[in-house]
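Report on one structure; see the data block that follows.
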Amino acid sequence: MFYPNINPPTDIFLGNEAYNTVISPRFNENYGRNLLENYLDSEDNENVDYSNVENSSDESSQYDNLEKTLREEWEELEIDESNNWFEVIGTICQTILSEIENLNGDDDKISSWFYLYKTLSEFRAAEISENNAIFEKFLSTLKVSRLTDPKDYLNYEEEKIWNEIKELKQEKDNEWNKYHIGTWKYWFQKEFPTIEIYTNI
């Protein structure tokens with residue numbers, strides 16, 4: 001069995017400027033945050049001292065119920081993204097394993113695969129973190145608003161923002177999935193030109 005070299009390749013060049021860097025266009029990275037600017041000033045939100053606010057148990061329960069509902073919706077979107085990721089990675093790993101015996105001691109391909117996988121994983125983690133930051137910011141603004149107007153549902157403006165945040169996440173996840181698949185297609189065409197991996201993902 002071959003193991004990746006401990007030293008990464010000096011460069012993973014995929015022959016295309018769009019793929020030569022994993023820091024691809026950030027899919028409107030500030031858009032989600034800007035959705036919240038007209039809803040609640042960020043500085044006011046960050047400076048709220050919740051410890052000095054007296055809430056009844058009913059008021060707290062109302063916000064908790066709302067947060068639980070929103071988190072469940074968000075989790076469904078995360079599951080969709082995760083399923084897409086593992087579907088691609090599963091196909092990639094199966095193909096690599098089927099070719100290991102034919103590498104004849106050439107572990108450069110395995111090393112290249114390992115570091116491309118690692119880099120794409122880090123890129124994905126950054127995208128997930130950014131999406132979650134937008135979501136948590138939205139929850140924070142809701143919590144502030146519920147201090148003076150307790151209820152367990154979204155008003156019209158909040159519902160509109162929430163739908164836009166979900167749509168943004170889905171758009172970014174779809175763009176990321178296309179980029180993920182496209183990057184692996186090009187890598188296999190370069191390293192294993194006889195394998196039609198692109199027909200399986």
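Picking from Ile181, Ile128, which residue would you name as being under 17 Å from the mean Cα position of the chain (by Cα), of a type in the set (Val, Ile, Thr) and closer than 25 Å to Asp64 by Cβ?
Ile128
Which of (1) outside any helix (DSSP H, G or I); (2) of a type in the set (Ser, Thr, Tyr); (3) under 17 Å from the mean Cα position of the chain (by Cα) is the odd one out, the single condition Tyr117 does not satisfy?
So the condition that Tyr117 fails would be (1).
Within the range 141-185, which residues are out of contact with any Leu (no Cβ under 6 Å at 6 or more places or on another chain) and not in a helix (DSSP H, G or I)?
Listed by number, the residues that qualify are Arg146, Leu147, Thr148, Asp149, Pro150, Lys151, Tyr153, Leu154, Asn155.
Filter the range 164-195 down to residues that are surrounded by fewer than 16 Cβ atoms within 10 Å (Cβ to Cβ), in contact (Cβ under 8 Å) with a residue 12 or more places away in the chain and polar (S, T, N, Q), then give me how many there are.
Residues flagged as surrounded by fewer than 16 Cβ atoms within 10 Å (Cβ to Cβ), in contact (Cβ under 8 Å) with a residue 12 or more places away in the chain and polar (S, T, N, Q) within the range 164-195 amount to 1.
What single numbered condition from (1) assigned to a helix (DSSP H, G or I); (2) surrounded by fewer than 19 Cβ atoms within 10 Å (Cβ to Cβ) fails to hold for Phe135?
(2)
Consider the range 186-201. How many of its residues are at pLDDT 80 or above and either outside any loop (DSSP other than H, G, I, E, B) or under 11 Å from Val88 (Cα atoms) (or both)? I'd like the intermediate steps shown before the answer.
Here is the first cut: in the range 186-201, the residues at pLDDT 80 or above are 186-192.
In the following step, the residues that additionally are either outside any loop (DSSP other than H, G, I, E, B) or under 11 Å from Val88 (Cα atoms) (or both) were identified as 186-191.
So the answer is 6.
List pairs: first residue in the range 64-78 and under 13 Å from Asp152 (Cα atoms), second residue part of a helix (DSSP H, G or I) and not hydrophobic (A, V, I, L, M, F, W, C) anywhere in the structure, Cβ distance under 8 angstrom, at least six positions apart or on different chains.
Close Cβ pairs (under 8 Å, with a partner that is part of a helix (DSSP H, G or I) and not hydrophobic (A, V, I, L, M, F, W, C)) amount to Glu67/Lys143.
Does Asn20 satisfy being surrounded by 10 or more Cβ atoms within 10 Å (Cβ to Cβ), modelled with pLDDT under 50 and either more than 19 Å from the chain's Cα centre (by Cα) or not aliphatic (A, V, I, L, M) (or both)?
The answer is yes for Asn20.
Could you please find all residues in the range 140-161 being of a type in the set (A, V, I, L, M) and either under 26 Å from the mean Cα position of the chain (by Cα) or surrounded by fewer than 16 Cβ atoms within 10 Å (Cβ to Cβ) (or both)?
Within the range 140-161, Leu142, Leu147, Leu154, Ile161 meet the criteria.
The values are calculated or read from the model by the stated rules, or taken from the named source; none is laboratory data. In this text the structure is predicted, and so the values were computed from the model without any measurement. Don't worry about glycine lacking a Cβ; one is built from the backbone with ideal geometry, like all the others, and counts go over all protein chains shown.
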